[in-house]
Amino acid sequence: MTDLTKLTLAQARDGLRAKDFTAPELTEAYLAAIDAADALNAYVHKTPEIARQQAEFAQTRIRAGMSPDLCGVPLGIKDLFCTNGVPSQAASRILDGFKPPYDSTVTEQLHKQGAVMLGKLNMDEFAMGSSNETSCYGNAVNPWRRGNEATALTPGGSSGGSAAAVAADLCAAATGTDTGGSIRQPAAFTGIVGIKPTYGRVSRWGIIAFASSLDQAGPMTKDVRDAAIMLRAMSGHDPKDSTSADLPVPDFEAMLTGDIRGKVIGLPREYRMDGMPGEIEALWHRGAEMLRDAGAEIRDISLPHTKYALPAYYVIAPAEASSNLARYDGVRFGRRAKLSQGDGITDMYEKTRAEGFGPEVQRRVMVGTYVLSAGFYDAYYNRARKVRALIKRDFDLAFADGIDAILTPATPSSAFGLGEMANADPVQMYLNDVFTVTVNLAGLPGVSVPAGLDTKGLPLGLQLIGRPWDEGDLLNVAYSLERAAGFMAKPAKWW
Ligand code: GLN
């Protein structure tokens, strides 16, 4: 039965409907694979009882011939999606013991469509990080290795558990969230597909917030078709999220024709960074060639404010985080520190936050509080907001000039070793997001597609950025790139 875990989401759906196998059989195959993969530390809360119940129920719907796409399909859920009665900690100690009495809108939609939840997936604490090393559960591990080396590599972050689980066939697909690259960077590091939708496409309600004006949930999948199927299932207007868009959700899968003739693809010259590895540059060129061969026109474009994106992001994201994380005070959620005789309420807040938040989260709260403080608000936060508007305008102008999608590398390197960055300046880690944060600042959809292996045998991804609300078109370009790149490699099983 283990071969069932190798199916894509689309193949699993079709096999279920054709009665080639049942939802309980498919679920058992995944549960066994998960139990054999503890070395990857991808799942932090397994939910086999829920999975089995959901699979049985899904099977009755399939038998009745009334099964939506995801009915009976086993998924992994990133730990920051609230799931009714199941630990939802955003990989933070401060949420120890927190079991929400409700579901996020996204997980609720997935459950209604009959999806099976296998468990909660590892991530960086409150989604802050690029290597999954800030998690209170310890890091997830990338199933890929450099050739025959045994060095453990990062699956990327913050959705590292989601990426590892999809790449190692521990779920048919997973949910992720992306504030500055947390879907696309781990997707690139593990040879899978990840799409961050247009801001407002997917409801943020019930997803533990990091930076609310940047956060978007999206699918992490084995291929582009699966991303299209799962994105449709996650999307839609939600009155509980005031930033959710009241727009129809197209059938993204039906838009995958692979025909991109006449499309205009932009290559932004500012993404040609100093010190970028030759392999990344070469892959980028090859990607452009593939799209040209498929009938697209390739055009050099300029996004002049790109170089200010990282500094602007690392002002805005911590500012919003410091405000969002103020609610973790030992009173309402999760953990409260042990107090001594005579401690007052301020001691309780301080002790709880000091022991509940890890070092990276504390750093962000401090940076955020600083840039929002009365004396520095204009110099940092307001300045960053203006830069953000300029970055968005760069993209608006490119699209107004007839550009349909923009091709860039997804990451400045392949997966690095766990612990390798431990003594580096934190800014070193922030550089991972150099190609991805602009997309969040501008609210645009962006997808990472696996496009090749580097000389160490590790996957590399290319990013495509699309017009707002045009995820269908964007996925179609990604589909064409995927077919041309023909990336079929899988990590050799060592776990
Ligand atoms: N790596 C970035 C950060 O640490 C992005 C994280 C994310 O997208 N959630 O903020």
Problem set entry | Residue check, E108 surrounded by fewer than 24 Cβ atoms within 10 Å (Cβ to Cβ) and within 16 Å of the ligand (Cβ to nearest atom) | no
Seminar exercise, completed: In the set A90, A163, A140, the lone residue that is closer than 17 Å to F210 by Cα and within 16 Å of the ligand (Cβ to nearest atom) is A90
Seminar exercise, completed: Taking the stretch 32-84 and keeping only residues that are open to solvent by 10 Å² or more (accessible area, probe 1.4 Å) and among the charged types (D, E, K, R), one is left with D35, D38, K46, E49, R52, E56, R61, R63, D69
Problem set entry | Count of residues meeting criterion [open to solvent by 10 Å² or more (accessible area, probe 1.4 Å) and either at pLDDT below 95 or among the hydrophobic types (A, V, I, L, M, F, W, C) (or both)] in the stretch 402-411 | 0
Exercise. Looking only at the stretch 438-475, which residues are of a type in the set (S, T, N, Q) and open to solvent by 10 Å² or more (accessible area, probe 1.4 Å)?
Worked result: T455
Exercise. Any idea which of (1) within 30 Å of R388 (Cα to Cα); (2) over 26 Å from the mean Cα position of the chain (by Cα); (3) hydrophobic (A, V, I, L, M, F, W, C) is the one I345 doesn't satisfy?
Worked result: (1)
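A quick yes/no check of all residues on (1) touching a Phe, Trp or Tyr at 6+ places or on another chain (Cβ under 6 Å); (2) under 18 Å from A91 (Cα atoms); (3) within 16 Å of the ligand (Cβ to nearest atom); (4) modelled with pLDDT under 95:
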{"residue": "T306", "(1), (2), (3), (4)": "no, no, no, no"}
{"residue": "A309", "(1), (2), (3), (4)": "no, no, yes, no"}
{"residue": "N324", "(1), (2), (3), (4)": "no, yes, yes, no"}
{"residue": "A337", "(1), (2), (3), (4)": "no, yes, no, no"}
{"residue": "E355", "(1), (2), (3), (4)": "no, yes, no, no"}
{"residue": "P359", "(1), (2), (3), (4)": "no, yes, yes, no"}
{"residue": "G368", "(1), (2), (3), (4)": "no, no, yes, no"}
Seminar exercise, completed: Scanning the stretch 151-160 residue by residue, the ones that are more than 29 Å from G72 (Cα to Cα) and either within 12 Å of the ligand (Cβ to nearest atom) or in a loop (DSSP other than H, G, I, E, B) (or both) total 3
For this session: Determine, yes or no, whether N476 is among the polar types (S, T, N, Q), more than 20 Å from T306 (Cα to Cα) and assigned to a helix (DSSP H, G or I).
Result: yes
Seminar exercise, completed: Across (1) within 23 Å of N476 (Cα to Cα); (2) open to solvent by less than 80 Å² (accessible area, probe 1.4 Å); (3) not in a loop (DSSP other than H, G, I, E, B), E270 clears everything bar (1)
Seminar exercise, completed: Exactly one of A337, A451, A442 is within 22 Å of the chain's Cα centre (by Cα), farther than 25 Å from V202 by Cα and aliphatic (A, V, I, L, M), and that one is A451
Seminar exercise, completed: Given (1) away from the ligand (no atom under 16 Å from the Cβ); (2) open to solvent by 10 Å² or more (accessible area, probe 1.4 Å); (3) touching a residue at least 12 places away in the same chain (Cβ under 8 Å), N148 misses just (3)
Exercise. Do we find that G180 is modelled with pLDDT of 95 or more, closer than 26 Å to V315 by Cβ, within 13 Å of the ligand (Cβ to nearest atom) and part of a loop (DSSP other than H, G, I, E, B) in this structure?
Worked result: yes
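The values are calculated or read from the model by the stated rules, or taken from the named source; none is laboratory data. None of the values given here were measured: they were computed from a predicted structure. Heads up, the Cβs are rebuilt from the backbone with ideal geometry, glycines too, and the neighbour counts pull from every protein chain shown. What goes into the accessible areas is simple: the full protein's heavy atoms, side chains included, and nothing from ligands, DNA or RNA. Shrake-Rupley method; radii C 1.70, N 1.55, O 1.52, S 1.80 Å.
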